[in-house]
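Undergrad: Can you keep this structure in mind? I'll have questions shortly.
The values are calculated or read from the model by the stated rules, or taken from the named source; none is laboratory data. The shown structure was predicted, so the numbers you read here are calculated from the model rather than taken from an experiment. Cβ sites come from the backbone with ideal geometry, for glycine too, and all protein chains shown count toward neighbours. The area values use the complete protein model at the heavy-atom level, side chains included, leaving out ligands, DNA and RNA. Shrake-Rupley method; radii C 1.70, N 1.55, O 1.52, S 1.80 Å.
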There are 2 protein chains.
Amino acid sequence: MTTRYHHGNLRTALVDAAVEVASEKGPDGLAVRDLARRVGVSHNAAYRHFSDRDALVEEVAQRGMQGLLAAMHARLDAVTETDPVERARCRLQELGKGYVDYALAEPGLFRVVFTAYPEPPSAAPSGSDPDDPGAAPDPYQLLGAALDDLVDVGFLHPDARPDAEMTCWSVVHGFAVLTTEGPLRAVPAPERDAALDRVLATIDRSYGATTAPRRPRDEPAMATDGPTRGASG
Amino acid sequence: MTTRYHHGNLRTALVDAAVEVASEKGPDGLAVRDLARRVGVSHNAAYRHFSDRDALVEEVAQRGMQGLLAAMHARLDAVTETDPVERARCRLQELGKGYVDYALAEPGLFRVVFTAYPEPPSAAPSGSDPDDPGAAPDPYQLLGAALDDLVDVGFLHPDARPDAEMTCWSVVHGFAVLTTEGPLRAVPAPERDAALDRVLATIDRSYGATTAPRRPRDEPAMATDGPTRGASG
DNA sequence: CCGAGAGTGTGGACGGTGTCAACATCCGCT
DNA sequence: AGCGGATGTTGACACCGTCCACACTCTCGG
């Protein structure tokens, strides 16, 4: 009874164990044989459920992505500000903080997410692939929505909207990488958190600096409200 | 003659081979046995010159760091602008571009640099350790100098100076990681380059926004120059 | 001139890994 | 009942890092 020939739910057991290991040791600490051993099954039993080691890592990455999204949503939903402009600004900040929160709380899983990141979001701008409809919604979309809000609310000038995703993602991702696995990994937490505040404030300041002035100056501001990006010509 | 028992300069030969391999396959593609094979020497001969695989990787990382610094210096030295403000602004931009240049040109070595990055620069703010005097000057110092110039020249307000290194490093590093090994790795080069320009322009705009206002408009533009939002300070 | 010892390279071994192939077992369906 | 597919096991191969004992070569002191 204790050791049945068929495990029952080996797949999820393996992924669970993999998540646990990756959480502690990162993607490089993930070994199929080790996981099989932990789960109490013989080596390469896993190959009945995963074609590759990479396939298993990919599964862990999806779990990590869920966690990342959850962290971002948690921060986002905690914003109580009512003034539209302040709210939109605050939400963007919190989005970034949620991202870094997760990277700091789960550096191993965070790394897995970005070692096995499937394909660039620009290739499929709508987010979900047709052959993978239930795919987790990218943080990219969350970010895009927050930035759109910032434009709608009148804080971010449309001229500064293009590639704003890349700016925000870059700052926040760079900060996360540098402070978790990078050269700044030993910066004490208080200084680190203060630095993140300043970093995000820098972005906020930039966006505020391009706010459309109340009375439109001689700048025609080329009213391209349509966010059609990739349609270059 | 062709095969002498003593190789002569095995150490450098190994590092050369390692740099070549790492340039193509990144740090994970680096195997001591494989390198020994390439150099035409038996396995673990390398262990007479490197205590560890990590020690060898570290050597490659130093080479990579040299390349990174060279790329940044190249961009920096190419700036011909004479107007002090414009020059300082331009130099900061070019510093970032040089960083990204190298990451895109040598993604494998770039990764090695940051998988084996010794210790945070904040621990040793002066840069060089006393027991390693000839150590390569951090890009961190280059960045700090450029930012100091920006303050001296009057473009960057001193209030925005703290942690400016982290902001700039984060954007640029994040951009590099996302576009080389990350989810944005398949963004075509022209769009990518344009995006970097916009990203850097965003930072520049932020720093300009805190400049002592040339034409102080009636709008204080929410003059909370202190980015401390929720902080109790 | 020679021999000792340090420096360097070789060969073998151990435990670890991913992955393939062949075999064993069990469950569900006919 | 029994058969087939799904699942798990055992064994093997080729890699890997690393430790060990050994072999060769060069240099230096006598």
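Undergrad: Which whole number gives the average count of other chain Cβ atoms within 10 Å of the Cβ atoms across peptide B:10-22?
TA: Partner Cβ neighbours, averaged per residue: 0.
Undergrad: Within straight cross-link reach of residue B:25, meaning Cα distance under 23 Å, which lysines are found once same-chain residues fewer than 8 apart are removed?
TA: Once the sequence-local lysines are set aside, what remains near residue B:25 is A:25.
Undergrad: At a probe radius of 1.4 Å, figure out the A/B buried accessible area, summed over both chains, and give it in Å² to the nearest 100.
TA: 4100 Å²
Undergrad: So for each of A:61-72, A:20-31 I average, over its residues, the number of other beta carbons within 10 Å; can you give me the resulting order with the highest mean first?
TA: The densest-packed peptide leads the list: A:61-72, A:20-31.
Undergrad: What does the structure give for A:104-116 when I average, per residue, the other chain Cβ atoms found within 10 Å of the residue Cβ?
TA: That works out to 1 on average.
Undergrad: When Cβ neighbours within 10 Å are restricted to other protein chains, what is their mean count per residue of peptide B:186-197?
TA: That works out to 3 on average.
Undergrad: Just read off the accessible area of residue A:7 with the full protein assembly in place, 1.4 Å probe, to the nearest 10 Å².
TA: That residue has around 70 Å² of solvent-accessible surface.
Undergrad: Continuing with the same structure: If packing is taken as the average number of other Cβ atoms within 10 Å across a peptide's residues, how do B:83-89, A:12-18 rank, most packed first?
TA: A:12-18, B:83-89
Undergrad: Please give, to one decimal in nm, the separation of the simple spin-label points placed at residue A:34 and residue B:198, each 7 Å out from Cα toward the Cβ.
TA: 4.2 nm
Undergrad: P(r) of segment B:1-90 in 5 Å steps, Cα pairs, percent per bin?
TA: The percentages, shortest bin first, are 3, 13, 20, 17, 11, 8, 7, 6, 6, 5, 3, 2, 0.
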